[in-house]
Amino acid sequence: MKLILASNSPRRKELLAELGYTFEIVPSRFEERAEGLSARETALAFARGKAREVFSRYPGYTVLGADTVVALGGEIFGKPADGADARRMLLKLSGKTHSVFTGVCVCSPKGTRECIAETRVEFFPLGEELIERYIQSGLPADKAGAYGIQDGFPLVKAVEGSYTNVVGLPTEEVGAILSALGGETC
């Protein structure tokens, strides 16, 4: 299988490599716009858009697209625009339980498969000093919800569901989809 990851995410690259796949990286040109969609629908729509856009340029390949969003109540938290936006998100998530949704879409010559994973994450109550140190580290900048569970800061109290989903790629679901499409790991 000639596999392409339609993402520049270093976390997705690392997780897919840990599954044993050899792949190329081709960032998608898909423009993320979603109005009126739930967090679940947004993650899947963006994953689908990314995979389809790259597959249209590489039709002989198997293309994996993924998108992760964080949701609390009806609010969707994507990547923060800046430090102030990261602070706003972290303050809202502080001491609460939220959902992390990752949509996955795989387009291949054998067909298209999709899934959505949800993980519930509970945050500790976060003090302003911790939030400021975290923002100053630069780590929240490119992450949905302005945090990375793997970043080493004491933000997360509990996880219910897939840890790798929170990192950005639900590896069990991805492995099952790629296996179903005939992908062999190396």
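For region 143-151, state whether one or more residues are surrounded by fewer than 18 Cβ atoms within 10 Å (Cβ to Cβ) and closer than 21 Å to residue 86 by Cα.
Checked against the condition, which is being surrounded by fewer than 18 Cβ atoms within 10 Å (Cβ to Cβ) and closer than 21 Å to residue 86 by Cα, region 143-151 yields at least one hit.
Exactly one of these conditions fails for residue 159: (1) in contact with a helix residue (DSSP H, G or I) (Cβ under 7 Å, 6 or more places away or on another chain); (2) closer than 15 Å to residue 77 by Cα. Give me its number.
(2)
Quick one: is residue 79 out of contact with any Gly (no Cβ under 8 Å at 6 or more places or on another chain) and assigned to a helix (DSSP H, G or I)?
So residue 79 does not fit the description; no.
Give just the number: which of (1) exposed (fewer than 14 other Cβ atoms within 10 Å of the Cβ); (2) in contact (Cβ under 8 Å) with a residue 12 or more places away in the chain; (3) closer than 27 Å to residue 72 by Cα; (4) over 15 Å from the mean Cα position of the chain (by Cα) does residue 35 not satisfy?
Every condition holds for residue 35 apart from (2).
Out of the residues in region 1-13 meeting the condition of being surrounded by 15 or more Cβ atoms within 10 Å (Cβ to Cβ) and not hydroxyl-bearing (Ser, Thr, Tyr), tell me which one is farthest from residue 120 (Cα to Cα).
Among those residues, the one meeting the criterion is 1.
State which residue is nearest to residue 43 (Cα to Cα) when the search covers only region 145-169 and only residues that are among the polar types (S, T, N, Q) and in contact (Cβ under 8 Å) with a residue 60 or more places away in the chain.
165
Do any residues in region 10-32 that are within 19 Å of residue 144 (Cβ to Cβ) and polar (S, T, N, Q) have Cβ atoms under 9 Å from those of residues that are modelled with pLDDT of 95 or more and in a helix (DSSP H, G or I), where the two are at least six apart or on different chains, and which pairs are they?
28/49; 28/50; 28/51; 28/52; 28/53; 28/54
Identify all residues within region 160-178 that are within 17 Å of residue 122 (Cα to Cα) and polar (S, T, N, Q); write none if there are none.
Within region 160-178, 162, 164, 165 meet the criteria.
Does residue 184 fit the bill of being farther than 15 Å from residue 9 by Cα and at pLDDT 95 or above?
No: the conditions fail for residue 184.
The values are calculated or read from the model by the stated rules, or taken from the named source; none is laboratory data. In this text, all values refer to a predicted model and were calculated from it rather than measured experimentally. Cβ: placed from backbone, ideal geometry, glycine included. Neighbour counts: every protein chain shown.
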